[in-house]
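Data block below; observations after.
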Amino acid sequence: MTLATPVLHTPRLRLRPVADADADALFTLHSSAYVLRYWDSPPWTDRARADRFIAMSRQIADDGSGARVVIERASDGAFVGWVGLTEWDPVYRSASLGYVLGDAMWGHGYATEAAHALLRWAFDTLDLNRVQSETDTRNLASARVLEKVGFVREGTLREDCVVNGEVSDSWVFGLLRREWQPSAVPVPAS
């Protein structure tokens, strides 16, 4: 079952399907050791990884397991990052949320705004009961984003990631349909 990847608009952002033209921006984003310091895999060193990411973004839409979208700033079309909902399981009515934003875009509320928009679409479209997300326990900014959109920290996965020999823990967050607040997330002034 194909799942149409949405085009979504917020007061400051446009979320749209990942396109071939995004390859350079995606490679720049995912090759930054600083941006990915809390990610569950090492930074990309091979430009072909961007092409595989784009192909996988199309594949999850084609097989109906989720939607991954690029985040652009509405005012100037600047690449902000991406947000995705993957591992959608219609039987268990669950999915996983993930996102990566360029470090120049941090601290502006873009991650919260984009995650909220995608979650609103997902709860309206996919009959979800639960969305899960994980973040490195050192990534307090990401934990705050998840809490702002309604996620509750449910537990800690101890030593669940080993990236380049560094062991780290992750927090598991969950958002249930009955706790979801679809009202607009306050947008900070730009």
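Where a number appears in this text, it was derived from the coordinates with a stated rule and is not lab data. The model shown is predicted, which means the values in this text are computed figures rather than measured ones. Cβ atoms come from the backbone with ideal geometry, glycine included; neighbour counts cover every protein chain shown.
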Checklist entry - Amide H of residue 129: which non-local residues (sequence gap of 5 or more, or other chain) have their own amide H closer than 5 Å, using H built in the peptide plane? => result 94
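Please give the calculated 222 nm ellipticity per residue for the chain, where each DSSP H segment of at least 4 residues contributes -39500 (n - 2.57) and the sum is spread over every residue; nearest 500 deg cm²/dmol?
Calculated from helices alone, the mean residue ellipticity at 222 nm is -8000 deg cm²/dmol.
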Item to check | Rough spin-label spacing in nm, given labels placed 7 Å along Cα→Cβ, for residue 163 and residue 62 | outcome: 2.8 nm
Item to check | Estimated inter-spin distance, residue 9 and residue 34, nm [label 7 Å along Cα→Cβ] | outcome: 3.4 nm
Checklist entry - In nanometres, what is the gap between the two model label sites at residue 91 and residue 141, each 7 Å from Cα along Cα-to-Cβ? => result 3.9 nm
Checklist outcome for this item: About its Cα centre, the chain carries a charge dipole, from +1 on Lys and Arg Cβ atoms and -1 on Asp and Glu Cβ atoms, whose size in debye to the nearest 20 is 480 debye
Checklist entry - Got a sec? Charge dipole of the chain, +1 on Cβ for Lys and Arg, -1 for Asp and Glu; which of 29, 157, 121 is way out at the positive end? => result 121
Item to check | Which of 105, 56 has the fewest Cβ neighbours within 10 Å, and the rest in rising order | outcome: 56, 105
Checklist entry - If you find the alpha carbon centre of the stretch 106-174 and of the stretch 69-101, how far apart are they in angstrom? => result 12 Å
